[in-house]
2 protein chains.
Amino acid sequence: MTKKVHNYSAGPCILPAEVMQKAAEACIEFNGSGLSLLEMSHRSSAFVDVMEKARALVKELLHVPAGYQVLFLQGGASLGFYLSAMNFMKKDGKGAYVNTGTWAAGAIKEAKKLGKVEVLASSEDKNFSYIPKGYTIPSDADYLHLTTNNTIFGTQFHDIPSCPIPLISDMSSDIFSKTIDVSKFDLIYAGAQKNMGPAGSTVYIVKEDALGKTGRDIPSMLDLPLQISKDSMYNTPPVFPIYVAMLNLEWLKDFGGVPAIQKRNEAKAALLYGEVDRNPLFKGVVATEDRSLMNPTFVLNDEALTARWDKMWKEAGISGIAGHRSVGGYRASMYNALPLESVQVLVNCMKELEKGA
Amino acid sequence: MTKKVHNYSAGPCILPAEVMQKAAEACIEFNGSGLSLLEMSHRSSAFVDVMEKARALVKELLHVPAGYQVLFLQGGASLGFYLSAMNFMKKDGKGAYVNTGTWAAGAIKEAKKLGKVEVLASSEDKNFSYIPKGYTIPSDADYLHLTTNNTIFGTQFHDIPSCPIPLISDMSSDIFSKTIDVSKFDLIYAGAQKNMGPAGSTVYIVKEDALGKTGRDIPSMLDLPLQISKDSMYNTPPVFPIYVAMLNLEWLKDFGGVPAIQKRNEAKAALLYGEVDRNPLFKGVVATEDRSLMNPTFVLNDEALTARWDKMWKEAGISGIAGHRSVGGYRASMYNALPLESVQVLVNCMKELEKGA
């Protein structure tokens, strides 16, 4: 390695070094086959094993109950927006949504192409700096759709509302970061490129008996029952991204699973938010109770310090904490593979800035 | 490497060894950045450069004319079946198709979900062993869709019919194998995992002014004008598969481009088909004039030789020539990266079998 980088990229994001190492080895030769994984048939027993292991690890790590299926598909959450509505919104039905920012708005936009959408609540009035609460979930909607973590704004649902209708969640940026009760959801989907693996695959966790009720003629690639019947291989899957996701889930299992990583994620968040709250030069930008453990956002109180601050963290080897253009300031994405040490380096920079201010 | 494998996999398929090597290096560290390509933002200038280079190489290698755009999307040809119809079939219009086998039938199936389909010709009467000719293309259809190479059956269009309406082609298994006149087509799409790269990305080459005429409300991820406006990055693209495709296209350029690889592909096909025709133990299964240069299919005349023949080629290090279950016999997929030497090894086995028979 050229230098030590503290990788705070919002996604694709940091993955464990041992995962990269094994990924590199598979590019040269996979499991003594004489072939690179990049040139092997997806129907080979070697890759079918990878796919089955990846699906099984998702089930094991998230304690997915019986009656649910796990799929590795393509298209990211952006295709998931449409796919989820297509598989759950009845032909003359409607979907209910909570608008917590860019990605929730994207889901709403795609669902409107299929039918009626009811936005139950929105935090747009305060630039999505909080999670709306206290809304009524209509019993006549086909489902409620939530975006559990809002990567851009740095908010996160810490309580999932109890829901009398099917519940769908885009968990792209917090799946595998903390324990969840899968039985509360009828569909969970997530782009892999945060806590699950590199870009290029998308996981779906779906309650089988919730499917097949829309009366729609669904395109094959978006048809969850069809994908289930083909064991997640209706067509050629993204072989390498799924393999690296499998390696990453193995790493998570070896780490102690989701409860162990949650503990570390909580320690990382406590360390950073603690400093944001203590240090008079910084402040957080979202409601304290809705802060994301994955994507803390904060700003400098005095913008005149920007140049000095930016120079300081860059020199410390920190990468990727510039905030999204729609929020400004800073966003320190702290996904599973980011070590506590990297957060300490960032906090030390903040303290240094204070000393010199 | 454990042993030398002659990789005849029908796809994902053989890629050049130097491509695997560079892919492996990028998993560890990309271009001196201190980061693996697997953990880098797709918005980083390093990856934006990769995407732009990949798109430019497609344009250069295929002499894509002005007015066309190149995109790297997801979902494989199977999503392309639906996507192509969605972007070209008017709301009350119809699509025209030629049914040359499994993948063409898949395209027909998806298009029927959107509207009317006219199947102009089919070779189903002879298990798709030839390319239909002499049909009339209806001037009132919104487009004609062809599958230029039929991976499973081993047939290939050697002449593209002149077409008075927009022409769409699924070129998944022969793109970059021979020179084509892109200006004949309004849309070309192809899953990457044959001659372009590993599984996980799909290339679209589209005539811009053919788009936006259907009156449909297209899902964002399937909306070609939207994808064009976002430079092929509406959402997180499959970073690593696109990088490896870029490496592979660089390799093709260094090889001498498409004309040079076409010459080698023709030599490989001449060598194998020559032996199939000469050797009394074998015969081809498709019409001679429609034989695929990518996926030659053949059978043993005497099935009693099967066990001996299968043992022989396996011992020679040949992998992946068992025929698809819907055709039986053998299929020797000879994609760009397969060296002539591997074909010679197969031909030598066929000669050996004849000697011992």
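Remarks
- Cβ separations smaller than 6 Å between residues 6+ apart or across chains give no pair from segment A:38-63 residues that are within 24 Å of B:A337 (Cα to Cα) to residues that are of a type in the set (G, A, S) and modelled with pLDDT under 95.
- So B:Y135, is it under 20 Å from the mean Cα position of the chain (by Cα) and of a type in the set (S, T, Y): no
- Search result, residues across segment A:249-286 that are of a type outside the set (A, V, I, L, M) and over 30 Å from A:T306 (Cα atoms): A:E250, A:W251, A:K253, A:D254, A:F255, A:G256, A:G257, A:P259, A:Q262, A:K263
- From the list B:S229, B:S220, B:S201, the lone residue that is closer than 22 Å to B:M171 by Cα and either at pLDDT 95 or above or touching a Cys at 6+ places or on another chain (Cβ under 6 Å) (or both) is B:S201.
- Residue tally, condition under 12 Å from B:N248 (Cβ atoms) and facing chain A (nearest Cβ under 7 Å), over segment B:22-33: 1
- Residue tally, condition crowded, with 17+ Cβ neighbours inside 10 Å and part of a loop (DSSP other than H, G, I, E, B), over segment A:292-304: 5
To keep it simple, each residue is scored yes or no on (1) touching a Leu at 6+ places or on another chain (Cβ under 8 Å); (2) buried (at least 19 other Cβ atoms within 10 Å of the Cβ); (3) part of a loop (DSSP other than H, G, I, E, B).
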residue: B:S232; (1), (2), (3): yes, yes, yes
residue: B:A245; (1), (2), (3): no, yes, no
residue: B:N248; (1), (2), (3): yes, yes, no
residue: B:A260; (1), (2), (3): no, no, no
residue: B:A267; (1), (2), (3): yes, no, no
residue: B:A307; (1), (2), (3): no, no, no
residue: B:A337; (1), (2), (3): yes, yes, yes
residue: B:S342; (1), (2), (3): no, yes, no
residue: B:L346; (1), (2), (3): yes, yes, no
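- One residue from B:E289, B:E275 being acidic (D, E), surrounded by fewer than 23 Cβ atoms within 10 Å (Cβ to Cβ), closer than 25 Å to B:P132 by Cα and not assigned by TED's automatic domain parsing to the domain that holds B:G200: B:E289
- Unique match (being without any contact (Cβ under 8 Å) to a residue 12 or more places away in the chain and out of contact with any His (no Cβ under 8 Å at 6 or more places or on another chain)) among A:S183, A:S201, A:S229, A:S220: A:S229
- Test for A:F240: is it at pLDDT 95 or above, more than 27 Å from A:K113 (Cβ to Cβ) and crowded, with 21+ Cβ neighbours inside 10 Å: yes
- Within segment A:196-213, not a single residue is assigned to a helix (DSSP H, G or I) and either within 14 Å of chain B (Cβ to nearest Cβ) or more than 30 Å from A:K90 (Cα to Cα) (or both).
- Matching residues, segment A:117-136, being away from every other protein chain (no Cβ under 14 Å) and assigned to a strand (DSSP E or B): A:E118, A:V119, A:L120, A:A121, A:S122
- Options B:E52, B:E39: the member that is under 30 Å from A:G317 (Cβ atoms), buried (at least 23 other Cβ atoms within 10 Å of the Cβ) and assigned by TED's automatic domain parsing to the domain that holds B:P237: B:E39
- If you go through segment A:99-153 and pick out every residue that is farther than 24 Å from B:Y234 by Cβ and among the basic types (K, R), you end up with 3.
- The set of residues in segment B:204-217 being touching a residue at least 24 places away in the same chain (Cβ under 8 Å) and either within 25 Å of the chain's Cα centre (by Cα) or at negative phi (or both) consists of B:Y204, B:I205, B:V206, B:K207, B:E208, B:D209, B:A210, B:L211, B:K213, B:T214, B:R216.
- Inside segment B:309-335, residues that are in a helix (DSSP H, G or I), in contact (Cβ under 8 Å) with a residue 24 or more places away in the chain and under 27 Å from the mean Cα position of the chain (by Cα) make up a count of 1.
- For segment B:23-65, the set of residues classified as over 23 Å from the mean Cα position of the chain (by Cα) and of a type in the set (A, V, I, L, M, F, W, C) consists of B:A24, B:A26, B:C27, B:I28, B:F30, B:L35, B:L37, B:L38, B:M40, B:A46, B:F47, B:V48, listed by residue number.
- Among the residues of segment B:34-77, those identified as within 14 Å of chain A (Cβ to nearest Cβ), within 18 Å of B:S229 (Cβ to Cβ) and assigned to a helix (DSSP H, G or I) are B:V48, B:M51.
- Selection count where residues are farther than 16 Å from B:L346 by Cβ and over 16 Å from the mean Cα position of the chain (by Cα), scope segment B:247-282: 13
- Some residue of segment B:272-286 being under 23 Å from B:K194 (Cα atoms), of a type in the set (D, E, K, R) and in a helix (DSSP H, G or I): no
- So A:Y97, is it within 21 Å of the chain's Cα centre (by Cα), crowded, with 23+ Cβ neighbours inside 10 Å and at pLDDT 95 or above: yes
The values are calculated or read from the model by the stated rules, or taken from the named source; none is laboratory data. Note that the structure is a prediction, hence the values are computed from the model and not measured. Counting neighbours? That spans all protein chains shown, and the Cβs are built from the backbone with ideal geometry, glycine included.
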